[in-house]
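Chemist: I'd like to ask you about the structure that follows.
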Amino acid sequence: MGKVTFYEDRNFQGGSYECMSDCADMSSHLSRCHSCKVESGCFVIYDRTNYMGNQYFMKSGEYPDYMNMMGMCSGIRSCRMIPMHKGQYKMKIYERENFGGQSNEMNEDCDNIQDRYSMSDCQSCHVMDGHWLTYEQPQYRGKMMYMRPGEYRSFKDMGYDGVRFHSFRRIMDSC
């Protein structure tokens, strides 16, 4: 079970909200959010409500001024707790939307799909087991997207128009 405490101001000041599950809209608890402490587990935070917008992965630790640390332009608007996963990790990535084009199955981290699979792009995927982070640039850099088990037919339809994902990492921290 995860636990994170959000604070209105930097350095854990101002009003606070303790969260132990998903929260689609932080505004009902805090007017703004500029720092947080992840006491246990792992979370993905979003800069828009309803788990939309830019995403950031947070594991246990203190984030006294996460906006500057992560380059966030606005505060946290929603968060999702990542459940602990034990077992295999399995994902199939596709070059085109709707599971089209070249495909490859992965069960471990991949820092560059071009080098490993000779794929220039990934526009859809099917996560069969485990929880994953995908990044727009090789070496786990750039915009990030959290993926849990399910089918992702089009990253463009999910608000990632023009973003191409090139590296994938399993979430294996003790979340």
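Chemist: Restricted to region 35-70, and to residues that are open to solvent by less than 60 Å² (accessible area, probe 1.4 Å) and among the charged types (D, E, K, R), which residue is modelled with the highest pLDDT? Talk me through it step by step, then tell me what you get.
Modeler: Just the residues of region 35-70 that are open to solvent by less than 60 Å² (accessible area, probe 1.4 Å), to begin with: 35-38, 40-47, 49, 51, 53-58, 61, 63-67, 70.
Checking the rest, the ones that are also among the charged types (D, E, K, R) come to 37, 47, 65.
On the way: K37: 95, D47: 86, D65: 86.
Result: K37.
Chemist: I need every pair where a residue in region 43-57 that is within 20 Å of T5 (Cβ to Cβ) has its Cβ under 6 Å from the Cβ of a residue that is among the polar types (S, T, N, Q) and assigned to a strand (DSSP E or B), sequence separation at least 6 or different chains.
Modeler: Final answer for the pair search is V44/Q55; Y46/Q55; Y46/S78; D47/N54; T49/S78; Y51/S78.
Chemist: Scan region 1-34 for residues that are assigned to a strand (DSSP E or B) and open to solvent by less than 60 Å² (accessible area, probe 1.4 Å) and jot them down.
Modeler: Of everything in region 1-34, those that are assigned to a strand (DSSP E or B) and open to solvent by less than 60 Å² (accessible area, probe 1.4 Å) turn out to be K3, V4, T5, F6, Y7, E8, D9, G14, G15, Y17, C19, C23.
Chemist: Right, another one. Can you find even one residue in region 135-157 that is aliphatic (A, V, I, L, M) and more than 14 Å from the chain's Cα centre (by Cα)?
Modeler: There is no residue in region 135-157 that is aliphatic (A, V, I, L, M) and more than 14 Å from the chain's Cα centre (by Cα).
Chemist: Condition first: under 24 Å from I171 (Cα atoms), open to solvent by less than 70 Å² (accessible area, probe 1.4 Å) and in a strand (DSSP E or B). Now tell me which residues in region 97-118 satisfy that.
Modeler: Those that are under 24 Å from I171 (Cα atoms), open to solvent by less than 70 Å² (accessible area, probe 1.4 Å) and in a strand (DSSP E or B): S103, N104, M106, C110.
Chemist: Mind listing whichever residues of region 122-137 are open to solvent by less than 10 Å² (accessible area, probe 1.4 Å) and either more than 19 Å from G100 (Cα to Cα) or at pLDDT below 90 (or both)?
Modeler: Selection gives G130, W132, L133.
Chemist: State the number of residues belonging to region 138-175 that are open to solvent by less than 40 Å² (accessible area, probe 1.4 Å), assigned to a strand (DSSP E or B) and modelled with pLDDT under 90.
Modeler: Looking only at that region, the number is 0.
The values are calculated or read from the model by the stated rules, or taken from the named source; none is laboratory data. Please read all numbers here as calculations on a predicted model, not as lab measurements. Reconstructed Cβ throughout: ideal geometry from the backbone, glycine too, with neighbour counts over all protein chains shown. Heavy atoms of the whole protein, side chains included, go into the accessibility calculation; ligands, DNA and RNA do not. Shrake-Rupley method; radii C 1.70, N 1.55, O 1.52, S 1.80 Å.
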